[in-house]
Structures are given as C-alpha cells and as structure tokens.
Amino acid sequence: MKEKTVYVCSSCGNKVGKWMGRCTGCGSFNTFEEETEVVSSGKKTVAKKAAAKSAVRLNEVKTGGNDRIVTGIREFDRVMGGGIVRDSVTIITSPPGGGKSTLALSVCQSAAKQGLNVLYASGEESESQIKRRADRILEKIDENIWITADTCMDNVLEEIKNTKADVVIIDSIQTFALNEMLPSRAGNPVQTMECAGELVKIAKSGSKKTAVIIIGQMNKNDELAGLRSLEHLVDTVLVMDSSYDDGLRSLMATKNRFGSTGEMGFFAMSERGLISIDNPSEYFVTQRDEGEFVSGSAMAVIREGSRPIIAEIESLVSKSYMPYPSRIGEALKREQLNTLISILEQRGGINLFDKNVVIKSTGGIMLREPAVSLAVLISIASSVLEKAVKGKTAFIADVGLTGEIKKVPGLEGRIKELDRMGFDRVFVAKDSVKVKTENIKIVEEKYLKDVIKDAF
C-alpha cells in the first residue's frame, strides 16, 4: 500500500495528477483541491458484486396511503409540496446564520409529536450546544428526538438503525466522513458524495421508509458547497435567504420532485426561533388607520411560486444638488429602475433630471417581475406630486417603453388576493380581465398618463 497525491475539481470531480489553475473538464478556475489516495500494490482486488435487484412492473408498485409527513409548519409544508415525503432526501442550504439548524430543530419537534422517531446528527455542535438551542426555541422537547454529535458517518448510519429513525437530520453534510474513504478528509467532493449516497440508500430502502434532511453549507458564491451532482442526487433542494430586513427569512425550492419549483415560504426570526408567516400579504403592507393615506406609496401584487402576495412599494424623491442625481433601488435592479424613470419622464410627463429617487419595499421583499412596473411608477409620481393614492388601490401591470400598459400573467389570481384583503380598486391593462368582481372596481387603462390622471 502506498499513498498518492491527486487534485480533484470541486465543481465537476475531474481528477488530475498535478495542480492546475483551470479545470480541463468544466473550465472553472481555482477549483482543484489536494487529496491523498491509497494505492494498492501487487495483485489487483476485485470488488464484490452487489446482489442484483429484480425489475418489477410499474403498475404493481405500491406507493402507500400516507406518504407525507405534515409538520404543521405551514410555510415549510407549502414549499415542500404538502409535507415531507417519507422516503425522500432533502437538502437545506443558506449562508451562515441563515436559520438552517433552527428550522431543522422545529421540523424535528413537529415530527416527534406525531410519534415518529427522529435522529439529529450534528458534526458541528456538541450535544450540550444542541440542547441549549432546543431549550430556547422549543416549548417542550419530545422524548422521540435522539441526538448524536459525531463526524463519522459509519456511526451515524448505525445509530439510524438503532433508533429506528423515521426522520434523520444531518447537520451538516460537509462535516461527515466515511471510514472506507479515508484518508480523504471530510468536506471534499468524494466524501460528501459518498456520505450522501449512503443516506439515499437508507431513505430508499424497502424495509423502512426514512425521510432524510441534509443541511448543506454554502460557498463564497452563495451556492451549495461541493459537487453539483449532490443536487442531482437528492429529491428536494431548499435555499434559505436571510438578506431581508427585520429578521425576515425566505425558503425557496429550487428543485422538488414531489411539488412545484420556485415555491417560496416566509419566516420571521425571533428569540423563540423561526415563526411561519402564514399571511405574507398582511406582513408586507404597512398597517395604517382608516382614511390615512401617505404620498409615495403604491400597492402591487407579486407572485412567489404559485402564490400571489400584496407588496407595498415606497418611493422618496428629493431635490439633488449634484450633477448626477442618485438612483437607489433596494428592492429592484438599478437598470430596471433607470428604465422606469426614463419612461416616467418621457411618457408620463414628470421631470426627474434634478431629483434623487429611492425605491424600497415594505419588509424588503424583492420586486423581480414586470407586474410591479406600474406600481413603481405610480409610487414615484405620488412622491413627486405629493399626492397620495386614495382608497385601497393596487396596480397590476407592466409598462412598455411606449408608455402603454401591458398585460401580466395570472391576473385573476392576483385580483382574488386583493379581494381577500379588502381592496376596492385595481388598475390593469385594457382588455386584460375577463372576469368581473363585485367588491373590486377594475379600472382598465391603455396609457401611463391616464393612470397618473385617474389614480390620485
């Protein structure tokens, strides 16, 4: 037996004998990591062939009646597509301090309350650290929760069998290593993939269906650390974003074999852990007294996944004493803001050449889709004119470079959300709504100038 030094690409797994600045396999730069391999000398060893598994007819496969674990954490269940599939593998990733472990503990408690055995395996914290965090965020720790602080995946696999775990939490996958893959250190692509592969076998075994939730670390590019193959291996990938205001956290499914991708849930971080925001439309709107109207504010309806959410857009326009006025968009891209300002100047007849413009949204939710364009323009116009939009009014439309109001998809669902929240007027593009409502007055406009004239 002798040792051999090799270099493995962390992006694609390409293996070379010497360090290279650029990977010849995927073209990535500075991704090679040094590893040590044990090479056997003399006779070649033949791997033991695994027992063959017979093919079965698809129509004869039994799926089981209750194949999901409904945690009761509504936003989490929503993103997962209705709960955790019992024989699935899920990855949760976020930047450091995003709330991955806190969410995982809440899921542990919810599953244990249903009589399920839960094993929480941590390679980052000791048992006492986990206990202190659990005491802080959980009202009462259920007796069906087991914990182990170990970085050896072999020991964790043994504990899964001993505890007869129905749900397994791995925190985090980059800290675990299999003995058979030594001396490769924990966190390198080989160890990570092999550990994840063993967990997939546990989850998919026919003897007992086990739901596995893997917590994964992020790299400096805010991507899941390790090989991209890890995302292909699992069933669901959840990304938690903590870049919002006031402790807001979002959870989005970038991959889901059992539900829709792009679905997003919202949580508020508190001293007692993550609190599910079950009514985001109320959370992202400033609560004002009846009859109180403020200039510089306009309502839009965005879609996160399949769910419409009412968002409040705020604008501040001030006199600029510099040659180049500021354009600050905290909730949307700078290029998008500059385009909208140009449309407002040219097509709306409002001069902003000597004005600073600042745009933000209540709660810090991002304004990604074109459906918010009209609301952004109206909020800027409201601030310039120092006139408030009267009544509970919303604006759902895109605005073209010609100043024409454009249709947006999913308009009926957005209007239903406005109706649920008690709005009484909405501005949309002409000939874009076929269904009429009793509680909401639908104002159809063709040009931006007409909306500015009728909105105030």
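Conditions (1) buried (at least 23 other Cβ atoms within 10 Å of the Cβ); (2) part of a loop (DSSP other than H, G, I, E, B); (3) in contact with a Gly (Cβ under 7 Å, 6 or more places away or on another chain), marked per residue:
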site: Asp87; (1), (2), (3): no, yes, no
site: Ala104; (1), (2), (3): no, no, no
site: Ala111; (1), (2), (3): yes, no, no
site: Ala121; (1), (2), (3): yes, no, no
site: Ser128; (1), (2), (3): no, no, no
site: Arg133; (1), (2), (3): no, no, no
site: Arg136; (1), (2), (3): no, no, no
site: Glu180; (1), (2), (3): no, no, no
site: Ser184; (1), (2), (3): no, yes, no
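Within the stretch 313-323, at least one residue is farther than 30 Å from Thr261 by Cα, in contact (Cβ under 8 Å) with a residue 24 or more places away in the chain, hydroxyl-bearing (Ser, Thr, Tyr) and surrounded by fewer than 18 Cβ atoms within 10 Å (Cβ to Cβ). Scanning the stretch 311-342 for residues that are of a type outside the set (A, V, I, L, M, F, W, C), under 15 Å from Gly296 (Cβ atoms) and not in a strand (DSSP E or B) yields a total of 1.
Residues considered: Val357, Val376, Val389. Of these, the only one that is over 25 Å from the mean Cα position of the chain (by Cα), of a type outside the set (D, E, K, R) and farther than 25 Å from Asn439 by Cβ is Val357. Quick one: would you say Arg78 is in contact (Cβ under 8 Å) with a residue 60 or more places away in the chain and over 30 Å from Ala177 (Cα atoms)? Considered against the rule, which asks whether it is in contact (Cβ under 8 Å) with a residue 60 or more places away in the chain and over 30 Å from Ala177 (Cα atoms), Arg78 comes out as yes.
Quick check: is even one residue across the stretch 261-282 in the same structural domain as Gln217 (by TED's automatic domain parsing), under 14 Å from Gly305 (Cβ atoms), surrounded by fewer than 16 Cβ atoms within 10 Å (Cβ to Cβ) and at pLDDT below 90? Among the residues of the stretch 261-282, at least one is in the same structural domain as Gln217 (by TED's automatic domain parsing), under 14 Å from Gly305 (Cβ atoms), surrounded by fewer than 16 Cβ atoms within 10 Å (Cβ to Cβ) and at pLDDT below 90, which makes the answer yes.
Checking each residue in the stretch 65-98 for being more than 17 Å from Gly115 (Cα to Cα) and of a type in the set (S, T, N, Q) picks out Ser88, Thr90, Thr93, Ser94.
In the set (1) under 16 Å from Thr339 (Cβ atoms); (2) not in a loop (DSSP other than H, G, I, E, B), Leu401 fails one condition alone, (2).
Residues considered: Ser373, Ser379. Of these, the only one that is surrounded by 19 or more Cβ atoms within 10 Å (Cβ to Cβ), without any contact (Cβ under 8 Å) to a residue 60 or more places away in the chain and either outside any strand (DSSP E or B) or out of contact with any helix residue (DSSP H, G or I) (no Cβ under 6 Å at 6 or more places or on another chain) (or both) is Ser373.
The values are calculated or read from the model by the stated rules, or taken from the named source; none is laboratory data. Here the structure is a predicted model, which is why all the values come from computation and not from measurement. Here Cβ is always computed from backbone atoms with ideal geometry, including for glycine, and neighbour counts include all displayed protein chains.
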